Amino acid sequence: MKQLLILGVVCIIAIGGYFMWLSEQSAEPVGEPVPVINVMDILTATDLSAGIKQAVKKNDQQAIDEWLAKGQAVGKEAGFSERDLAYLVSDKARNYVVFNAKRCLFNDAFEARYANLQDITDLKEKYPEADDLYKQAQALIRKRDSIIEQIAGTLAEGQTVTKAHRQAAQKLWQERFIAASQPVSNAAK
């Protein structure tokens, strides 16, 4: 019985010692400090994204390179590894930011055309990177056109819907869309 008790005490001391050793090991810094940001944080940063978007819009390859170099400079300041720094100016990073910029440009063009009741067919060819967005945009246009047709039917008051009704409905829809899109002013609060 004493042997069992002594064995139990030794096990408890050994387990306690092991956990103390683990806690000391985890308290010691291992290697270099981990940066507080990562590569994707830089590549998706608002200012870098906006700069790349403008460069893509102007087809300015040098400006794209300059923005990626700025991203690399931020990475150096953050203590990125050489591998991550090299990635920030790589073709893969360039393709990623250009791809996203073209999708943003598609969204901008779509929003303007949607509000102005204009066709978006050429956007599919201009921005093939946004093919999945194009399908969603088409669905929004169908929904918008259905709402306009309902407004025209209401304006026709049970009569046959005419071109004039549709034009009045489009104008009314645009006015409501613009009013809904504008931020609420402080005076209205």
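The values are calculated or read from the model by the stated rules, or taken from the named source; none is laboratory data. Computed from a predicted model, the values in this text were never measured in an experiment. Cβ atoms come from the backbone with ideal geometry, glycine included; neighbour counts cover every protein chain shown. With ligands, DNA and RNA removed, areas are computed over all heavy atoms of the protein, side chains included. Shrake-Rupley method; radii C 1.70, N 1.55, O 1.52, S 1.80 Å.
Per-residue surface analysis assigns ASP132 an accessible area of about 70 Å², computed on protein heavy atoms at 1.4 Å probe radius. When the P(r) of region 34-105 is calculated, the portion above 15 Å amounts to 46% of the C-alpha pairs.
Calculation over all alpha carbon pairs of region 97-144 in 5 angstrom steps from 0 returns a P(r) of 5, 24, 37, 22, 9, 3, 0 percent. Per-residue accessible area (protein heavy atoms, 1.4 Å probe) orders TYR87, TYR114 as TYR87, TYR114, starting from the largest.
For the residues TRP67, TRP173, a 1.4 Å probe over the protein chains yields an accessible-area ranking, largest first, of TRP67, TRP173. For the residues LYS135, LYS124, a 1.4 Å probe over the protein chains yields an accessible-area ranking, largest first, of LYS135, LYS124. What does a probe at LYS70 reach in region 38-55, counting residues whose amide N is under 12 Å from the point 7 Å along Cα→Cβ? The answer is 45-55, whose backbone nitrogens lie closer than 12 Å to the label point. Here's the list of lysines a cross-link from LYS102 could span, going by alpha-carbon distance under 18 Å and ignoring same-chain residues fewer than 8 apart: LYS53, LYS57, LYS58, LYS92, LYS124, LYS126, LYS135.
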